[in-house]
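Here is the structure we will look at.
The values are calculated or read from the model by the stated rules, or taken from the named source; none is laboratory data. Please read these numbers as outputs of a predicted model, since none were measured by experiment. As a convention, Cβ positions derive from the backbone with ideal geometry for all residues, glycine included, and neighbour counts pool all protein chains shown. Just the protein is used for accessible areas: all its heavy atoms, side chains included, with ligands, DNA and RNA removed. Shrake-Rupley method; radii C 1.70, N 1.55, O 1.52, S 1.80 Å.
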Amino acid sequence: MSKKKLLFEVQEHETIGDCLDRMKEMGYMPVRRMEKPVFEEKKDGGKTDVVPVRQTIVFEGKKMEE
């Protein structure tokens, strides 16, 4: 039987702790944390720059044994 894994993203309105609590309530434990930047294009005159605006945090969760 294979282990079921699911991704949980920390939402804008919640803390990392809130996300981890949500995972626990659903019966999952975190096994990996991934962070990736979110970029936005900013135009300055005729020049376009791509700048980071925030960081997205995603946890990979593994179903806990009962």
Exercise. Output the Cα-based Rg and Dmax of the chain in Å, rounding Rg to one decimal and Dmax to a whole number.
Key: 16.7, 59
Quiz item: What accessible surface, in Å², does a 1.4 Å probe find on residue 54, ignoring ligands, DNA and RNA and rounding to the nearest 10?
Solution: 120 Å²
Quiz item: In the Gaussian network model of the chain, springs joining C-alpha atoms below 10 Å, which of 35, 12, 25 carries the largest mean-square fluctuation?
Solution: 12
Quiz item: Residue separation times 0.36 nm, minus the C-alpha to C-alpha distance between residue 12 and residue 34: what's the value?
Solution: 6.3 nm
Quiz item: Under 18 Å from the Cα of residue 62, which lysines turn up, not counting those fewer than eight places away in the same chain?
Solution: 3, 4, 5, 24
Quiz item: Once phi is turned into ³J(HN,Hα) by the Karplus curve 6.51 cos²θ - 1.76 cosθ + 1.60 with θ = phi - 60°, what whole-Hz value does each residue of the stretch 42-48 show in order, with x for glycine and proline?
Solution: 10, 9, 10, x, x, 9, 10
Quiz item: Distance in nm between label sites at residue 53 and residue 41, each 7 Å beyond Cα in the beta-carbon direction?
Solution: 1.3 nm
Quiz item: For the stretch 5-63, what relative contact order do you get, as a whole percent, if you take Cα pairs closer than 8 Å and at least 6 residues apart?
Solution: 46 percent
Exercise. Over the chain, with every protein chain in place, what whole percent of the accessible area is carbon and sulfur at 1.4 Å, could you tell me?
Key: 50 percent
